[in-house]
Structures are given as structure tokens and as C-alpha cells.
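Below you'll find the structure, written out as C-alpha cells, and then a few comments.
Derivation of every value follows stated rules applied to the coordinates shown; laboratory data play no part. Bear in mind the structure is a predicted one, so any value in this text is a computation, not a measurement. Note: ideal-geometry Cβ built from the backbone for every residue, glycine included; neighbour counts use all protein chains shown.
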Amino acid sequence: MRRLPSVLALAASTAFAAQAALAQTAPAAPAEAAPPAAPQTFESPIQNGKGEPIGKIMIRDGASSLVMRVTIQPGGLPPGWHGIHFHAVGDCSDTAKFEKSKAHVNHDQSKHGLLNPEGPDEGDLPNVFANADGSVNAEVSSETPLTGEGALKDGDGSALIIHANEDDHTTQPIGGAGARIACAVIK
């Protein structure tokens, strides 16, 4: 009978040792999520109606929006507010009017205007302000992607158009923004 308590004691000490060994084993680390992909970037010169470079755009495309910096050198634009829009075709070759860039990017046929209850269309962007010396340093965002479905860099690309006047964000078709005075190709 003495053997049974010894066997129980041995079983208990073995279970305790196994439990202690498990307690000292570090739990498996949870699988780490892959770091987010670096935003895709794009850069393009902005040209005026004479085909001369006056600045550049720099686009960073993220998971839910893109951020675009617009930089224009002194003398590049008339001072004041200017409407800017993404246009459907990446062609700035007709520098007199930039009409080869066609209408706004607008896959779902929305009305023009950031303040329009039936808008905005995908080409609508906030205005930029040219300083007294004609320079611009602005950053705007858009939900229109650089790549992928409904993207700016589709088969025929797109263009950033800068207009002579500010966009009122409601009037059809371009918010009273006036003539196209500068253009940057996005391809």
C-alpha cells in the first residue's frame, strides 16, 4: 500500500513539472500584420498657355484618398483664387485652350460642385490661391484614386487643369471658373 501513495506522489510531481514547464514557455507571438504599403507617388510639370513650365504637381495615392501638392513659381498665375479640376484625358498639347483634356473626370455622371447636393463629380477639387507674385503652394485631397478602378491613370490618363477664375462649387458645368490657363498631364 505504500506503493500507491508513491505512485500518486510521482504522478503529481510529474504533472506539476509539466505545468511549470508550460508556464515558462512563452506564448506564440501573434502574427504581425504586414506594414501598410507605401503610398504610390507621381509628379508632373504644370505648363501655361504658352507651353512653358510654371510649376509642378506631386501626388501621393493612399488607400482611401490621394493628396496632391500644387507648386507654382512666382509669375506663374494671375494673383487670386483659381478653380482646379481633374479632367478626363491626359493631354495638354493644345496649349491655347487645353481642350484636348476634355471634361471633368466623372464616371458616375454627378453634377459639378463640391457644394452641390447632386455632386460633386470626381474632377472637383478645392480652389487654390495665387499670391500677389503669382506663386502657389497648396495641398488638396481627393477620393479619386491615382490607380485602380476609376483612376486618374487610366488608359488615356487625365489632366489637372487650372482655370482663370475661382470655382463657386455649384454652377454648372464648371462653377464659373472660366478659361483653362494651365495644365499638367497625369499618365
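Going 7 Å from the Cα of Asn137 along its beta-carbon direction, which residues of region 48-71 have the amide nitrogen within less than 20 Å of the resulting point? Hits in region 48-71 for Asn137 at 20 Å: 54-60, 67-71. Under a 5 Å amide H cut-off, with hydrogens placed 1.01 Å from N, Gly113 pairs with Asp121 among residues at least 5 apart or on other chains. The phi torsions of region 153-165, fed into the Karplus equation with coefficients 6.51, -1.76 and 1.60 and a -60° offset, translate into couplings of 8, 8, x, 10, x, 8, 9, 8, 10, 10, 9, 5, 10 Hz, rounded to whole numbers, with Gly and Pro shown as x. Taking amide H positions as modeled 1.01 Å from N, with prolines and chain starts lacking one, the residues under 5 Å from Leu146 and 5 or more places away or on another chain are Leu152. Across region 103-114, coupling constants 3J(HN,Hα) worked out from phi with the 6.51/-1.76/1.60 Karplus curve, θ = phi - 60°, read 7, 4, 4, 7, 4, 9, 6, 6, 6, 6, x, 5 Hz, and Gly and Pro carry x.
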